[in-house]
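The structure appears below as structure tokens.
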Amino acid sequence: MTQPQHENMLEVKDIKVYFYDDEGRELKAVDGVSFSVRRGETIALVGESGCGKSVTSMALLQLVDSRGKIVGGKVIFEGQDLLLLPEAKMRTVRGKDIAVIFQEPASALNPVYTIGEQIIEAIILHQKLSFRQAREVAREMLRLVGIPEPEKRLNEYPHELSGGMKQRAMIAMALSCRPKLLIADEPTTSLDVTIQAQILELIRELQKKLGMSVILITHDLGIVADMSQRVVVMYAGKVVEEADRTEIFKNPLHPYTIGLLRSIPRLDREQTKLETIPGVVPDPSSFPVGCRFRGRCLYESPTCCEVPPPTLVGNNHLVNCHHWQEVRQGKETARF
Amino acid sequence: MSNSVILKVEHLKKYFPIKAGVFRKIVGWVKAVDDVSFEVLEGETLGIVGESGCGKSTLGMTILRLYEPTAGRVVFAGKEISRLSSSALRPIRKDMQMIFQDPFGSLNPRMRIGSIIEEGMSVHGLYSSTERKEKVRELLEKVGLSADYVNRYPHEFSGGQRQRIGIARAMALSPRLIIADEAVSSLDVSIRSQILNLMKELKREYSFTYLFISHDLAVVRQICDRVLVMYLGRIVEIADKKVIFSRPLHPYTVALISAVPVPDPDYVVDRVILHGDVPSPIHPPSGCYFAPRCPVAERCRKDEPPLVEVENGHWVACHLPGSLSLKRENGDKKC
Amino acid sequence: MNRGSKRWFKKFFSNFSAVLGFVLLLFFLGVALFAPYIAPPKPGRDAYMMPIVTWSSDPIPPSREHPFGVAGKRDIFYGVVWGTRTAFRIGIIVTISSTLIGLVIGSIAGYFGHLVDELLMRVTDIFMAVPFLVAALVLATILGAGLDKVIIALIVFSWMYPARLIRGNILQVKEEQFVMAAKALGVSDLVVILRHVLPNSIFPVLIQASMRMGSLVITAAALSFLGLGAPQGYADWGALLNYARNWMLGSQGQALQYWFMTVFPGLAMVLFVLAWNLVGDALRDIFDPRLRV
């Protein structure tokens with residue numbers, strides 16, 4: 001291949017997805033999100049429900065539901081802006097170069113077709129293979145994701161598989177065309193912890209084997225610590241902080257990130273009183289002007305009515321807060 | 001904490017029939033709760049943990065007689081309630097309440113918040129009408145909501161606020177026992193800790209006894225005094241919280257604890273990855289139910305291990321307790 | 001008016017077909033209410049009996065005196081106007097009674113389940129297995145002609161639809177946690193049904209009832225057309241069509257000569273059914289839980 005090897009396989013620049021409700025109000029669900037994904041790395045998009053993490057990831061593939069619209073931004077994948085691609089071209093990217101696995105394997109698989117038919121369909125769609133060859137690949141994929149008796153499973157319907165097995169089948173389908181990028185949208189949220197451990201282990205293994213990049217969307221900071229190299233923290237449709245994993249956990253600088261980390265019940269220690277973030281996540285129709293964390297933040301001041309500028313505060317560490325210096329200072333004084 | 005037993009569960013079973021065919025003949029049973037015995041002490045918080053389908057929610061519902069038990073006894077405050085008629089049971093319901101999992105499904109969408117909280121009191125004929133109204137306002141403030149919300153409908157509230165309303169409803173009858181079934185599972189992280197703190201505070205103030213049903217071990221660690229682990233309808237281990245998180249003896253408990261991801265990149269655990277899925281509760285395996293997935297099982301497929309007390313207050317149902325141990329670096333921190 | 005109901009009104013009127021249905025319904029209501037002014041009856045006579053205006057049995061096309069023409073010696077305009085009252089009466093009585101019967105049976109079956117459910121639903125199945133029109137026809141024949149007999153026949157063979165619907169809804173609502181919560185509070189079964197289950201499952205039944213209202217009137221008209229409903233000369237749309245039976249094909253070379261005999265009563269019927277269906281649709285849009293936030 002003569003294509004230059006970009007360091008970043010995917011660059012998302014200032015993407016905006018707005019929704020319009022019945023009353024015609026504009027809901028800025030995703031409002032200027034930027035991040036990049038390097039080859040072979042796992043990046044986590046983390047945040048609470050409604051922060052726009054799933055909408056962002058689907059917008060990369062131009063998949064936005066009918067009430068929403070991508071109103072701006074760029075999605076540069078391998079040197080090409082995906083948002084400029086016509087639908088027909090886009091379809092060849094989806095599933096082939098960029099694949100997705102969803103939270104609910106039960107609803108993402110069509111109940112009237114067998115597992116085999118669904119995987120084979122995905123393969124034939126993107127690769128010039130005969131049915132027989134595709135079936136071979138499908139069986140190989142099922143074996144790869146650790147489904148016992150793959151030959152038998154090909155002929156089974158989704159309801160005959162357990163939740164964990166369905167998620168494995170979903171992964172097999174997503175990876176059957178050897179995508180360069182996998183978007184995993186809360187892949188284990190509907191699964192039990194012991195099954196979650198299996199699936200995460202599987203994703204990690206396959207990533208190593210196939211050398212793909214992963215965008216992991218999750219609300220679980222435990223999974224983030226476990227799986228990702230870089231972390232993008234989102235709140236109310238905006239990125240509040242982005243940094244390498246260790247940096248985010250050891251040296252968070254945005255008050256929201258700090259609050260989130262502190263409010264998680266920890267398995268590894270006993271907390272007499274959990275710390276909390278006061279208030280509730282705002283509704284998209286009533287996001288505060290300026291910094292959207294306003295009203296819940298301990299560091300709030302009049303300057304917060306201005307949109308905080310993204311500030312590079314260290315090696316690869318980006319924070320969107322007017323008061324990051326105070327936060328850092330505060331932490332230092334607390335330490336000594 | 002006093003030591004009197006408030007709830008005693010003896011050999012409790014709840015089987016659901018599976019019907020098939022034209023004549024809806026019973027072709028099998030789902031053994032959701034399969035011979036479970038334990039005691040709850042007045043004033044303690046007992047956590048019931050396990051994965052989906054282990055029967056923990058069914059257990060809670062059966063204790064409250066929201067499901068009829070198939071066999072066994074439930075003794076609440078010295079009185080057997082598993083055989084009472086539904087009218088004889090009604091006055092006792094006042095003393096045992098439930099907080100439900102789904103903050104969106106557990107409040108009647110067509111009732112105002114005030115009536116939702118008041119309903120229990122009026123059913124049991126507590127207080128006069130004006131006193132009840134006053135009480136509702138008090139309760140709302142107690143759970144951190146404004147007393148002016150009485151005339152609003154559930155859909156006007158967020159998940160966290162609704163869960164607060166559910167807590168107020170349960171508290172309205174001043175119960176002695178509260179069963180919380182996955183009460184914080186559907187909430188976002190930042191809201192979850194608010195609700196957990198609220199439940200802790202209320203307990204301190206009113207000295208409820210909690211039965212805290214959850215799949216989330218990290219949450220259980222923060223709120224419970226003792227922990228009961230279930231697998232496929234049976235109890236596999238019961239111990240004090242400190243013991244269960246530092247020295248779990250049942251291989252399943254070890255695997256469960258090791259599987260929880262911890263938000264700390266320095267936390268390294270020797271993760272026990274279990275193979276396969278939880279077997280169906282319709283055809284559970286012979287012997288120890290966990291044996292087919294257990295990394296250390298030997299003769300366990302034949303003999304069913306009884307639940308025995310291996311040390312003071314630590315009960316395990318395993319032939320080889322402690323043969324798999326929890327290994328982690330940077331383990332328990334004091335905080 | 002609170003914010004919620006304001007939004008409902010907005011939604012209701014933002015929809016053209018909903019407005020059309022509503023306007024049509026209001027129009028029919030107006031006609032029924034003001035029938036004595038629109039088509040004044042002869043004093044001292046039963047207003048529901050269409051007066052005889054001519055001695056020839058030949059139809060007379062619309063004229064100044066008889067704007068819709070004359071059929072079977074009777075003024076079609078008079079019949080259509082007073083027939084609106086008959087239509088409402090049949091529709092409302094049958095719909096309300098069958099819905100109430102259905103509600104009771106469906107609630108009992110759905111809430112208590114098991115054997116009760118099995119028994120009631122099999123009975124329902126038997127009633128449903130009989131073709132509606134045929135059954136109503138047979139029953140009306142046995143009971144004899146007359147509007148009240150038609151109403152009874154219609155009630156007997158239409159309660160199953162609301163019963164089925166309410167049972168299904170209750171089965172669904174019964175599993176909701178708030179019903180469990182009410183039981184956990186110690187609320188009795190009857191109160192659980194009345195306060196928690198029914199209010200959450202009643203709307204689909206009401207919507208179905210409004211849609212059924214229209215089709216019931218058609219069925220009643222069909223029975224009248226077959227000569228089983230209203231007595232001779234009674235103001236009823238179906239009876240008016242009955243007069244047209246012998247003239248429908250027109251005369252030699254003039255197939256549409258007697259169009260007015262079928263068009264006016266037929267139009268009234270079609271618009272009446274349309275009105276109820278559109279209103280039912282609008283109600284469904286409003287109460288559809290997926291559209292509610």
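Residue C:232 falls short of the stated requirement of being within 14 Å of chain B (Cβ to nearest Cβ) and surrounded by fewer than 21 Cβ atoms within 10 Å (Cβ to Cβ). Once the stretch C:49-63 is narrowed to residues that are under 15 Å from residue C:243 (Cα atoms) and among the small types (Gly, Ala, Ser), the residue that is farthest from the chain's Cα centre (by Cα) is C:56. Residue check: residue C:175 meets all listed conditions (1) within 30 Å of residue B:175 (Cβ to Cβ); (2) away from chain B (no Cβ under 14 Å) but one, namely (2). Between B:110, B:83, B:132, the distinction of being among the basic types (Lys, Arg) and assigned to a helix (DSSP H, G or I) belongs to B:132 only.
Filtering the stretch C:120-141 to residues that are in a helix (DSSP H, G or I) and at pLDDT below 85 leaves C:132, C:133, C:134, C:135, C:136, C:137, C:138, C:139, C:140, C:141. Would you be able to say whether some residue in the stretch B:177-185 is part of a loop (DSSP other than H, G, I, E, B), touching a Lys or Arg at 6+ places or on another chain (Cβ under 7 Å) and more than 8 Å from every other protein chain (Cβ to nearest Cβ)? Checking the stretch B:177-185: at least one residue is part of a loop (DSSP other than H, G, I, E, B), touching a Lys or Arg at 6+ places or on another chain (Cβ under 7 Å) and more than 8 Å from every other protein chain (Cβ to nearest Cβ). Could you tell me which residue of the stretch A:44-75 is farthest from residue A:312 (Cα to Cα), considering only residues that are buried (at least 17 other Cβ atoms within 10 Å of the Cβ) and touching a Phe, Trp or Tyr at 6+ places or on another chain (Cβ under 7 Å)? Once the filter is applied, the top-ranked residue is A:68.
Looking for whichever is loosely packed, with under 15 Cβ neighbours inside 10 Å and part of a strand (DSSP E or B) here; the options are A:14, A:31. Which one fits?
Exactly one residue qualifies, and that residue is A:14.
Counting only residues that are under 23 Å from residue A:179 (Cβ atoms) and either within 13 Å of chain B (Cβ to nearest Cβ) or of a type in the set (Phe, Trp, Tyr) (or both), the stretch A:204-233 holds 12 of them.
Kindly check whether there is at least one residue in the stretch A:292-300 that is over 26 Å from residue B:146 (Cα atoms) and in contact with a Gly (Cβ under 9 Å, 6 or more places away or on another chain). Checked the stretch A:292-300: no residue is over 26 Å from residue B:146 (Cα atoms) and in contact with a Gly (Cβ under 9 Å, 6 or more places away or on another chain).
Rundown of residues vs (1) crowded, with 22+ Cβ neighbours inside 10 Å; (2) more than 30 Å from residue B:182 (Cα to Cα); (3) β-branched (Val, Ile, Thr), yes/no style:
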{"position": "A:104", "(1), (2), (3)": "no, no, no"}
{"position": "A:121", "(1), (2), (3)": "no, yes, no"}
{"position": "A:125", "(1), (2), (3)": "no, yes, no"}
{"position": "A:130", "(1), (2), (3)": "no, yes, no"}
{"position": "A:138", "(1), (2), (3)": "yes, yes, no"}
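Within the stretch B:18-27, identify whether any single residue is of a type in the set (Val, Ile, Thr) and in a loop (DSSP other than H, G, I, E, B), and answer yes or no. Yes; the residues of the stretch B:18-27 include at least one that is of a type in the set (Val, Ile, Thr) and in a loop (DSSP other than H, G, I, E, B).
Let's see how each residue does on (1) in a loop (DSSP other than H, G, I, E, B); (2) aliphatic (A, V, I, L, M); (3) farther than 21 Å from residue A:219 by Cα:
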site: A:260; (1), (2), (3): no, yes, no
site: A:275; (1), (2), (3): yes, no, no
site: A:279; (1), (2), (3): yes, no, no
site: A:285; (1), (2), (3): no, no, yes
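The set of residues in the stretch B:294-311 that are out of contact with any helix residue (DSSP H, G or I) (no Cβ under 6 Å at 6 or more places or on another chain), over 15 Å from residue B:248 (Cβ atoms) and at pLDDT below 90 comprises B:298, B:299, B:302, B:303, B:304.
If you check A:24, A:40 for being assigned to a loop (DSSP other than H, G, I, E, B), out of contact with any Lys or Arg (no Cβ under 6 Å at 6 or more places or on another chain), free of Cβ contacts under 8 Å to residues at least 24 places away in the same chain and not acidic (Asp, Glu), only one passes: A:24.
For the stretch B:204-222, the tally of residues that are touching a Gly at 6+ places or on another chain (Cβ under 6 Å) and surrounded by fewer than 21 Cβ atoms within 10 Å (Cβ to Cβ) stands at 1.
Can you tell me which residue among B:43, B:60, B:47, B:53 is closer than 22 Å to residue B:203 by Cα and either in the same structural domain as residue B:284 (by TED's automatic domain parsing) or in a loop (DSSP other than H, G, I, E, B) (or both)?
Details: B:60 fails: either in the same structural domain as residue B:284 (by TED's automatic domain parsing) or in a loop (DSSP other than H, G, I, E, B) (or both); B:47 fails: either in the same structural domain as residue B:284 (by TED's automatic domain parsing) or in a loop (DSSP other than H, G, I, E, B) (or both); B:53 fails: closer than 22 Å to residue B:203 by Cα.
Every option except B:43 fails the conditions.
In the stretch C:82-100, the residue that is farthest from residue C:274 (Cα to Cα) out of those that are crowded, with 23+ Cβ neighbours inside 10 Å and of a type in the set (A, V, I, L, M) is C:94.
Inspect all residues belonging to the stretch A:256-279 and state whether any of them is over 30 Å from residue B:256 (Cβ atoms), at the interface with another protein chain (Cβ under 10 Å from one of its Cβ atoms) and touching a residue at least 60 places away in the same chain (Cβ under 8 Å). Write out each step before concluding.
To start, the set of residues in the stretch A:256-279 that are over 30 Å from residue B:256 (Cβ atoms) comprises A:256, A:278-279.
Filter once more, so that each one left must be at the interface with another protein chain (Cβ under 10 Å from one of its Cβ atoms): A:256, A:278-279.
From the residues that got through so far, the ones that are touching a residue at least 60 places away in the same chain (Cβ under 8 Å) too are none.
No, the stretch A:256-279 contains no residue that is over 30 Å from residue B:256 (Cβ atoms), at the interface with another protein chain (Cβ under 10 Å from one of its Cβ atoms) and touching a residue at least 60 places away in the same chain (Cβ under 8 Å).
The values are calculated or read from the model by the stated rules, or taken from the named source; none is laboratory data. Here the structure is a predicted model, which means the values were calculated and not measured. Neighbour counts run over all protein chains shown; Cβ positions are idealised from the backbone, glycine included.
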